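For reference, the structure is listed below as structure tokens.
The values are calculated or read from the model by the stated rules, or taken from the named source; none is laboratory data. Values in this document were obtained by computation on a predicted structure and should not be read as measured data. We place every Cβ from the backbone using ideal geometry, glycine too, and count neighbours over all the protein chains shown. With ligands, DNA and RNA removed, areas are computed over all heavy atoms of the protein, side chains included. Shrake-Rupley method; radii C 1.70, N 1.55, O 1.52, S 1.80 Å.
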Amino acid sequence: MPKLFSGYVLFGFLVLIKILMGSGTSLLWCSGVPLIISLFPNWTGRLCSWVSLSMAFGYILGAPTGSALFKVGSLDFAFALIGSIQMALAIFCYLSFQYSHPPKCIDKDNESLNIPKQPQLSAREFLRDPSVLIICWAATFTATSFGFLAVSFSPHLRDTYKVNSVEAGRYFLPFTVTRAIAACFSGYFTDKGFGGLSFCLFGCGFNVISFGLLGLSPFTPLINNILCLEIITGMIGISSTSALVPLIPLIRKLFAGRNMESVIDRYAAVMYQLCFGLGNITGTGVIGGFLVSHVGFYNSCLVIASLCAVAGSLGCSCLLKKNLIFSKLNKSFALGNSYSSHLNQSTTKV
């Protein structure tokens, strides 16, 4: 592309490509996750954790892989190779996925059976449920940590601990590593019935404590050092994953027993991506960009801790009121499974 265009035209095409990349990521999540959940409904927590784990590995391996490919070939070679691999994987997934069509239901006398249709839920009705919005707002404020640290962590290391930008990357490693580790445990605990506990304690709770400690560290010499900064950064990584992995299972539990599993899965995947995206935008632009430049890094951390404390308290209160702190997903969707069994018993071969 640089050989064909230059100046503002090149800049416009690069922005367009970036928009398409972001749209592709959102479409992949919002369509792929419901498809996988429909195949393994009792493994919803672990499936969401594996997807989050793959994203964490992508963040960890993306920069060194791109750097290595750039050294071997060029920038064009790196983009061409990664793009070709992604295109090949997309075609492979499309060809290997088995699309199933609903069978034509007739009885022995070739008369149609009156099988009840699965009820539908519009997006407006879904969003009218205050529990959905309260829980998603808590997840959104927790997700601000990634965008905030992405733009402010390196300047903070440079100004406070005289760490240059070349070495700052390895100090960010505890955040990404703990995200990957916490994703595995959070998904497992969610499937065992502890999704609400993971969301409240390790998600919202760790986030408030971590950013609160960061904001108060200038007044506490005991934690005002780079070792404690690394530990706190690791705690933030745990919180950012523990609040997002149980989000889809928790939303499914809110609508348990309504025989709308496939519809809820799609809406929940969209809300996950929306919370993650809004959290990144807020953490990057509003807090990491505007607030840090006006009130400083430590005061911005206290703002995040305050926002997460308020939103997290409301979210945890909502889960407690709905008795979703401890509950298994497969029990919640027993009625939906009974509908599927009724459908199978009511159909015969064509």
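Listed values, structure above:
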quantity: The range 133-161 residues that are within 30 Å of Phe255 (Cα to Cα), paired with ones that are open to solvent by 60 Å² or more (accessible area, probe 1.4 Å) and at pLDDT 90 or above (beta carbon under 6 Å, 6 or more apart); calculated: Ile134/Leu314; Thr140/Leu278; Phe141/Leu307
quantity: Long-range neighbours under 7 Å by Cβ, at least six apart or interchain, first residue closer than 27 Å to Leu244 by Cα within the range 56-73, second part of a helix (DSSP H, G or I) and of a type outside the set (A, V, I, L, M); calculated: Ala56/Thr176; Ala56/Arg179; Tyr59/Thr176; Ile60/Thr176
quantity: Unmet criterion (only one of (1) loosely packed, with under 12 Cβ neighbours inside 10 Å; (2) assigned to a helix (DSSP H, G or I); (3) at pLDDT below 80) for Met87; calculated: (3)
quantity: Residues within the range 143-161 that are open to solvent by less than 10 Å² (accessible area, probe 1.4 Å) and of a type in the set (S, T, N, Q), tallied; calculated: 3
quantity: Among residues of the range 32-55, those that are free of Cβ contacts under 8 Å to residues at least 24 places away in the same chain and assigned to a helix (DSSP H, G or I), counted; calculated: 6
quantity: Any pair with Cβ under 6 angstrom, 6 or more apart, that starts in the range 276-304 at a residue that is over 15 Å from Pro218 (Cα atoms) and without any contact (Cβ under 8 Å) to a residue 60 or more places away in the chain and ends at one that is small (Gly, Ala, Ser) and buried (at least 18 other Cβ atoms within 10 Å of the Cβ); calculated: Leu291/Ser300
quantity: Residue that is surrounded by the fewest Cβ atoms within 10 Å (Cβ to Cβ) [pool: residues in the range 18-74 that are β-branched (Val, Ile, Thr) and closer than 25 Å to Phe97 by Cβ]; calculated: Thr25
quantity: Verdict on Ser23 being of a type in the set (Gly, Ala, Ser) and at pLDDT 80 or above; calculated: yes
quantity: Arg258 crowded, with 19+ Cβ neighbours inside 10 Å and of a type in the set (Lys, Arg); calculated: no
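Residue-wise test of (1) open to solvent by 30 Å² or more (accessible area, probe 1.4 Å); (2) part of a helix (DSSP H, G or I).
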position	(1), (2)
Val163	no, no
Ala168	no, yes
Phe175	no, yes
Ala182	no, yes
Ser186	no, yes
Thr190	no, yes
Phe194	yes, yes
Phe202	yes, yes
Pro221	yes, no
